[in-house]
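Read-outs throughout are calculated quantities, based only on the coordinates presented, and are distinct from any laboratory measurement. Just so it is clear, the model here is predicted, and its values are computed rather than measured. Here the Cβ positions follow ideal geometry from the backbone for every residue, glycine too, while neighbour counts run over all protein chains shown.
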Amino acid sequence: MTQLDPALGEPRGATPPAAPLVFTGDDLEHGKRTRHTWLWIAGLLGALLITLPVAVGLGPVAIEAGTVIQILRQHLTGGQMIGAWTDSEESIVLLLRGPRVLLGAAVGAGLALAGVALQALTRNILAEPYLLGVTSGASTLSAASILFGSAAGIGSASLAGSAFAGALAAGIAVFLLARVGSQMTSTRLVLAGVSVGYVLHALTSLLIFASDDPNAGRSVLFWTLGSLGQATVQSALLTWAVVLGTLVLLLLWSRPLDALAIGDSTAQTLGISPAKLRAAVMVVTALCVGALVAASGGIGFVGLIIPHIARLCVGSTHRKLLPVAALLGAIFLVWADVLARTSMAPQELPLGIVTALLGAPLLFVLVRKLNPTQ
Amino acid sequence: MITATDVSVGYGGKLVVKSVGLHAGQGEVVGLIGPNGSGKSTFLRTLYAALRPRAGLVTLDAQPLEELRGTELARRVAVVAQETPTDLPVTVADMVLLGRAPHRKALAAFTREDHQAVAAALSRVGARDLADRRYATLSGGEKQRVLVARTLAQQADHLLLDEPTNHLDIRYQHELLRMVGQLGVTTVVVLHDLNLAARYCTKLVMLENGQAVASGTPEEVLTPELLLRVYGIHVEPFSVRGALQLVFSMADEHSEPQSTAAVR
């Protein structure tokens, strides 16, 4: 070999030995970051606690938040009557608006969690149970089980099970349609979701009109646009249980979800099996969406807007994102429902119309922001 | 120390890697080279258990890879893999913090020490000021540096890199590989560029159609005869301040050989 003697380069192997990580006082302002998240969670929790009694009080018969709290306290503790309120006010709080607001908060939180989970699963900011047809799947099978279940001897007890099965089946169908190799592009995912959603919407409406349901029109509205009007104390508590369970499970998987949101290889190199995690998260999300749809029909856009706003507040780390999104979703849906039942009173708007009016503009922004090369 | 013995990998009925061996001793930088489709990346994936070999054994410090659980493996082997971009807005700090995940329990918060490790890792690659930027907005060179910072924060003593110099400007290619060499970590790196391989690797393994056709020092592996056979290209080797560098020419340019001072 010719020996050249240019000034460039340095001989191989002559590099200095390893400089291990040098820890300095620099901790990326760890304390500030942690406080920031807790402030958001505490602030939102406070906002939710104020929202609940205020929202219960709002309606054709206005009740002061203080009275709402007193009625609840008396009912829960069984203590002496400390304030003065009418029987109708008491039944509005305990039987009508109370369960409705409680259910609204649970559904909002659950939809936001489902949105966060599906977005991490697909690495796509447009993923959302409604837009991906998951909600429609749950609607179709729930409607079918209500309309024909009792005739077939299954009974409406199978409602939640049907909703879950429908959500899972629709989710899997959309993923299979959208998949190219192991990659899922935004365009294909949304197109697959919208087309599966359309088919299932049509199927739901067809089922309802084919049945002898005297209130067919209203049923269709319920399953496609959602409503909290059928809330009961039981359905609200059951939904809360499912949503809290979902939150705990997703929090347990928050680090793996962080890795999955970045990529399958990244997950693999951090000791996580992407396929197993994806399947587990999909099942949990479908369970959650199934329970929500069974109780409140198909409400769109909450799972799209709320995770996005939550990311603006606390960033993309799921440990922070999940609780903040759940709280934001709960507050958002309670107020959306207040709008739905008061803006055109005594007429009640389907809840999905309000969430779509609030959510669709954000969808425009996200679509504009999407990377054109994908 | 990473040792692979007689590793074979297949997809479906086809073997893509056939009985390949590799040994990377403590602190060595071993380069995996070979033409497109020769099985480099596939073989690398077996070294961090992303693929299970059909036959053969991979050991990490003499311990078989399959005996190590996921997070345990992740604490000892860090990987910079080819990744498709995500739509989700992830900050650089979050990206590097992920390297700390194998060190923490599922529900445990990241500690001050974790954040210090991230700051130190980012400083080490000269990317501390990028901490709060969105990863997707970085240039190719900045992204690769951040990924290397994540492997540093992971504090694993083995490093695997899959074509880390892809899409990088020439300066960043050299910067990155020089930095990797200075880490003193046992490294296996898949490289396309033979001059980079010659300059920054202590040992090379050359693959062709899934088989190891040569291994040893760059001087032993990057011979004109072998490169002509495997890549179909003529090579004139030079020694530049102790490092082997190659000048390439197509076969049809070689009607007048020995036109330069190259001595074989």
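Below is a table of values for the structure above.
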read-out: Near-label residues of the range B:55-97 by backbone N, under 17 Å of a point 7 Å along Cα→Cβ of B:Glu220; value: none
read-out: Trypsin sites (Lys or Arg not before Pro) lying in DSSP loop within the range B:1-53, provided at most 13 other Cβ fall within 10 Å; value: none
read-out: 0 to 90° range, to nearest 10: angle between helix A:318-342 axis and chain A longest Cα axis; value: 30
read-out: Cα shape, the range B:122-186, gyration tensor, a/c 1.5 rule; value: oblate
read-out: Crossing angle, helix A:159-178 versus chain A [Cα axis fit, 0-90 degrees, rounded to tens]; value: 30
read-out: Cβ charges +1 (Lys, Arg) and -1 (Asp, Glu), total dipole of the protein assembly as shown, debye; value: 660
read-out: Where chymotrypsin sites (Phe, Trp or Tyr not before Pro) fall in DSSP loop in the range B:94-197, at most 14 other Cβ within 10 Å; value: none
read-out: Under Karplus coefficients 6.51, -1.76 and 1.60, residue-wise ³J(HN,Hα) of the range A:208-224 in Hz, glycine/proline x; value: 5, 6, 6, 7, 9, 4, x, 9, 3, x, 5, 4, 4, 4, 4, 6, 9
read-out: Ranked list, fewest to most other Cβ atoms within 10 Å of each Cβ, for B:Lys203, A:Lys32; value: A:Lys32, B:Lys203
read-out: Estimated vicinal HN-Hα couplings, Hz - the range A:267-273 in sequence order (Karplus 6.51, -1.76, 1.60; Gly, Pro = x); value: 4, 4, 6, 9, x, 10, 8
read-out: Cα gyration tensor shape of the range B:182-249, rounded if a/c is under 1.5, else prolate or oblate by comparing a/b with b/c; value: oblate
read-out: Neighbouring partner chain Cβ atoms per residue of B:181-191, average, 10 Å criterion; value: 2
read-out: Extent along principal axes [Cα atoms of the protein assembly as shown; Å; largest to smallest]; value: 104, 57, 44
read-out: J(HN,Hα) series, the range B:239-248, from Karplus relation 6.51 cos²θ - 1.76 cosθ + 1.60, nearest Hz, glycine and proline x; value: 10, 10, 6, x, 9, 6, 10, 10, 10, 9
read-out: DSSP beta bridge pairing in chain B, given as percent antiparallel to the nearest 5; value: 60
read-out: Residue-averaged 222 nm ellipticity for chain A, from DSSP H runs of 4+ at -39500 (n - 2.57), nearest 500; value: -23000 deg cm²/dmol
read-out: Least to most buried among A:Ile306, A:Ile71 (fewest other Cβ within 10 Å first); value: A:Ile71, A:Ile306
read-out: Members of B:Lys105/B:Lys143; A:Lys32/A:Lys276; A:Lys276/B:Lys203 lying beyond 31 Å, as alpha-carbon distances in this model show; value: A:Lys32/A:Lys276; A:Lys276/B:Lys203
read-out: Of all DSSP beta bridges in the protein assembly as shown, antiparallel share, percent nearest 5; value: 60
read-out: Protection proxy ranking of A:260-270, B:223-233 - average other beta-carbon atoms within 10 Å, highest first; value: A:260-270, B:223-233
read-out: Under 5 Å, built H, 5+ apart or other chain: amide partners of A:Phe301; value: A:Tyr130, A:Leu131
read-out: Under 5 Å, built H, 5+ apart or other chain: amide partners of B:Arg241; value: A:Leu4
read-out: Spin-label pair A:Arg179/A:Glu348, simplified geometry with 7 Å Cα→Cβ offset, distance in nm; value: 4.1
read-out: Point-to-point label distance, A:Glu64-A:Thr232, nm (Cα→Cβ direction, 7 Å offset); value: 3.4
read-out: At R0 = 22 Å, FRET efficiency that the Cβ-Cβ distance of A:Leu244 and A:Ala47 yields, to 0.05; value: 0.75
read-out: Viscosity 0.890 mPa s, 25 °C: Kirkwood-radius Stokes-Einstein D of the range B:11-82 over Cα pairs, µm²/s; value: 183
read-out: Likely footprinting exposure, A:Cys313, A:Cys288, fewest C-beta neighbours within 10 Å first; value: A:Cys313, A:Cys288
read-out: Shape call, the range B:2-222: gyration tensor on alpha carbons, a/c limit 1.5; value: prolate
read-out: Under-5 Å amide H pairs with B:Gln211, H placed in peptide plane, nonlocal only; value: B:Lys18
read-out: R0 of 30 Å, Cβ-Cβ distance B:Arg52-B:Arg178: FRET efficiency to nearest 0.05; value: 0.30
read-out: Where only C-alpha atoms are counted, convex hull volume of the range A:93-369 per residue in Å³; value: 123
read-out: Calculated FRET efficiency for the pair A:Glu29/B:Ser239, C-beta based, R₀ 35 Å, to 0.05; value: 0.10
read-out: Extreme residue, positive dipole direction of chain B, given options B:Ala120, B:Ile2, B:Val230 (C-beta unit charges); value: B:Ala120
